[in-house]
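One structure is given here, and the rest of the page talks about it.
The values are calculated or read from the model by the stated rules, or taken from the named source; none is laboratory data. Please read these numbers as outputs of a predicted model, since none were measured by experiment. So basically every Cβ, Gly included, is an ideal-geometry build from the backbone, and we count neighbours across all protein chains shown. Remember, those area values only see protein heavy atoms, side chains included, never the ligands or the DNA or RNA. Shrake-Rupley method; radii C 1.70, N 1.55, O 1.52, S 1.80 Å.
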Amino acid sequence: MSADPKTLFDKLWEAHEVVPETQAAPALLYIDLHLIHEVTSPQAFTELQTRGLPVRRPDLTFATLDHSTPTTPRAPGSKPIYANPAAQNQVERLEENCRRNGIRLAGWDSDDRGIVHVIGPELGLTQPGMTIVCGDSHTATHGAFGALAFGIGTTEVGHVLATQSLLQRKPKTMRVHVDGELRAGVGAKDLILAIIAELGAGGAAGHVIEYAGPGVEALSMEERMTVCNMSIEAGARAGIIAPDQTTFDWIEGRKYAPKGAAFEAARRRWSQLKTDPGATFDAEVRIDASAIAPMVTWGDSPDMAAPVDASAPQPGEGEAAEALAYMGFKPGEALLGEKIDAVFVGSCTNARLSDLREAAAVMAGRHVKVGVRMLVVPGSQAVKRAAEAEGLDAIFTTAGAEWREPGCSMCIAMNGDSGKPGELVVSTSNRNFAGRQGKGVRTVLASPATAAASAVAGAIADPRRILEASHAQ
Amino acid sequence: MPSEPITKIRSNAFTLREPNIDTDQIIPARFLTTTERGALADACFRDWRFDDDGQPNGHPLNARDPETARILIAGDNFGCGSSREHAPWALKDFGFDAVITSRAADIFKSNALKNGLVVCEVDEASHAALLDRAGEPVEVNVIDQTVTYGNNQASFKLEPFARTCLIEGVDPMGYILGQSAAIARFEKGRAA
């Protein structure tokens, strides 16, 4: 045991302190990678321009187009058709800001374009030991690589553009220790929904969560990203997982990852990034992965989640009763079999190749229920190419689903993709807030497998039943 | 840029009791395509205030007097969800100067304080009492970090630097730029 055992978070924090915090002022933290997109950056660039400030480190800044962009299929070379002129203006503003400031942009013509939290890791921009920020609350996704990654507001985007630094108070730490392994038909999305249900929507406020234990070590990188992605839904500042061989294997060979001897040196450095034995956390939570079933949400907050084969709760009154009323679910009624209108497979939570494979495994040889609309939106151009190369697009389109261009799509519903008032949507995204997927739309969060099974059934369905039937054949 | 110092806010309470009011409620995503600031009053709580046919409904937010009811008393875990700074911008544009709650989400709180929207997290008993005081006068004192209502007083604690910025009008960007030498040293130390 080392003399002064430290958590992984402590190590990441201390390595980036430009100025340590005092009673009077927060620490000044250096930022290694600043990811930007069209929605939360324009006012920040305006601020720099007004003050006559340059972007300090365009080389540590990377931009993509994802939130306001349409996902409608597009012939090569043809122009995107935006939901409205404001969306187009916002995208063009980012293109202009990147041009003027020498910032790399994965734009419309780039093979690298995609959802910011999908492309960062995919391109090898995201690396262990880094501090990573973005004007987006799902930035914690990158914590899956052992990076300290968190969402910031637009004023802070301006601070990072101008100074590559950020004023931050040191958060508290929480360890979520996951024992056991996930059962067949149960995925990382179910695990994180179960964790959020346990912690509550604000239960991890002020904390950075480290996910640890055998149940986490057994996860693939894509699964780890799904887990870290939704840390904010428990109120956490960030979520991190110590890097290991799974991490190093995933990064090696990626576009912006170190190569050759530099990679070996980096790997040795990254291997030190773990919590020391004996280090203490401000809070500890234990979860048994083997006890988790496929999860779905029954209310309008991500912590309102239950096993898919459970019944809706029977609250007397108050928040839970209002949430059930919004969802149109009756207290005590089975969630299985609730009729749905649409299914969305996509978002920074679940739009990676493994997610599409998971949905396709359920869809293969089956059809989307008549009257149900299903959108499958790959997380990036790279995911789209890889999925098409193995024929996943054909499985989805043959089943009657729509195969779209990459983007945030129906997760945020500000780009032309949304549900209609009153519709019930099973969605692999991260938020079931009232109106999140369009005014009056009711959202059920679920894994790609559960979403696909529900598309086939035309109702909330248990993917284990379909998967068992497939194996039996 | 330095801003106007904020030391005291006196106004009437406006209450929204619901817990977990997320930033998608405060401003729905379809209003986030703006590239400007200062014009989000109409978007604030839009889907609470307007019916599907686009007509304003009977929600109390539509009957509120923006001149006299500038202090929002809101349910627990206010501002959870998306990091959009458009949420505090919209609340300010709509005419709120302070939010009093039992707990505010981290990013929302940080964003709000950078925009002169004072976020006061008070104890649960005071919170419950304040939620029952719609329309009554409340005073938020940023220097003393107190909320006064009737004959009662509750305390709250701001992050000390954010408080200094509010009461002295300090510009955080200017403060960080003042540390440029330390930033350059840090960069040099890593490159070595």
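Tabulated values for the structure
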| item | result |
| --- | --- |
| Zone residues, the stretch A:337-359, relative to A:Thr397, backbone N less than 18 Å from point 7 Å out along Cα-to-Cβ | A:345, A:356-357 |
| Threshold 30 Å² - residues in the stretch B:152-174 whose accessible area is reduced by that much or more when the chain is no longer isolated, probe 1.4 Å | B:Glu159, B:Pro160, B:Phe161, B:Met173 |
| Förster radius 60 Å - calculated FRET efficiency between A:Ala218 and B:Ala63 (Cβ-Cβ, nearest 0.05) | 0.60 |
| 5 angstrom amide H check on A:Gly458, placed H, neighbours 5+ away | A:Lys369 |
| Heavy-atom accessible area per residue - the stretch A:298-472, 1.4 Å, Å² | 33 Å² |
| Chain lengthening between A:Arg385 and A:Asn84 when straightened (0.36 nm per residue, less Cα-Cα) | 105.6 nm |
| Local electrostatic count, B:Arg64, Cβ distance below 11 Å [Lys/Arg +1, Asp/Glu -1] | 0 |
| Accessible surface, the stretch A:1-52, averaged per residue in Å² (probe 1.4 Å) | 36 Å² |
| Mean projected area (nm²) of the alpha-carbon convex hull when the stretch A:298-472 is viewed from all directions | 9.3 nm² |
| Of all accessible heavy-atom area on the stretch A:316-400, the percent that carbon and sulfur account for (1.4 Å) | 54 percent |
| Interface residues in the stretch A:4-28 - accessible area drops by 40 Å² or more relative to the isolated chain, probe 1.4 Å | A:Val18, A:Leu28 |
| Across A:Lys11/A:Lys259; A:Lys170/A:Lys274; A:Lys11/A:Lys172; A:Lys255/A:Lys384, pairs whose alpha-carbon gap is larger than 22 Å | A:Lys11/A:Lys259 |
| With all protein chains modelled, accessible area of A:His207 [1.4 Å, Å²] | 30 Å² |
| Vicinal HN-Hα couplings computed from phi for the stretch A:455-470 (Karplus, 6.51 cos²θ - 1.76 cosθ + 1.60; Hz; Gly/Pro x) | 4, 5, 7, x, 7, 4, 9, 8, x, 5, 5, 5, 5, 5, 4, 5 |
| Nearest-20 debye value, the stretch A:298-472 charge dipole, Cβ charges on Lys, Arg, Asp, Glu | 380 debye |
| For the stretch B:1-124, alpha-carbon Rg relative to the globular expectation (2.2 N^0.38 Å, N residues) | 1.00 |
| The stretch B:156-192: trypsin sites (Lys or Arg not before Pro) in DSSP loop, at most 10 other beta carbons within 10 Å | B:Lys157 |
| Interface area, B with A, accessible, probe 1.4 Å, both sides summed, Å² nearest 100 | 4600 Å² |
| Prolate/oblate/rounded call for the stretch A:29-183, Cα gyration tensor, a/c under 1.5 rounded | oblate |
| Positions from the stretch A:45-84 whose accessible area shrinks by 50 Å² or more when the full protein complex is built, not the chain alone, probe 1.4 Å | A:Arg51, A:Arg56 |
| Prolate/oblate/rounded label for the stretch A:204-291 (Cα gyration tensor, a/c 1.5) | prolate |
| Inter-site label distance for B:Asp52 and A:Arg93 at 7 Å from Cα along Cβ, in nm | 3.2 nm |
| Cα-based Rg and Dmax for the protein assembly as shown, where Dmax is the largest Cα-Cα distance (Å) | 23.8, 74 |
| Ranked by how many other beta carbons lie within 10 Å on average, peptides B:92-103, A:185-196, B:164-175 from highest | A:185-196, B:92-103, B:164-175 |
| Stretchable slack from A:Ser110 to A:Arg269, in nm (0.36 nm times residue separation minus alpha-carbon distance) | 54.0 nm |
| Apportionment of accessible area to carbon and sulfur, chain B, percent (1.4 Å) | 48 percent |
| Peptide A:161-168 - average C-beta neighbours from other chains (10 Å radius) | 5 |
| With DNA, RNA and ligands ignored, accessible area of A:Leu125 (1.4 Å probe; Å², nearest 10) | 10 Å² |
| Surface per residue (accessible, 1.4 Å probe) for chain B, Å² | 41 Å² |
| For the stretch A:253-301: rounded, prolate or oblate by the Cα gyration tensor [a/c cutoff 1.5] | oblate |
| Quotient of C-alpha Rg and 2.2 N^0.38 Å, computed over the stretch B:41-187 | 1.18 |
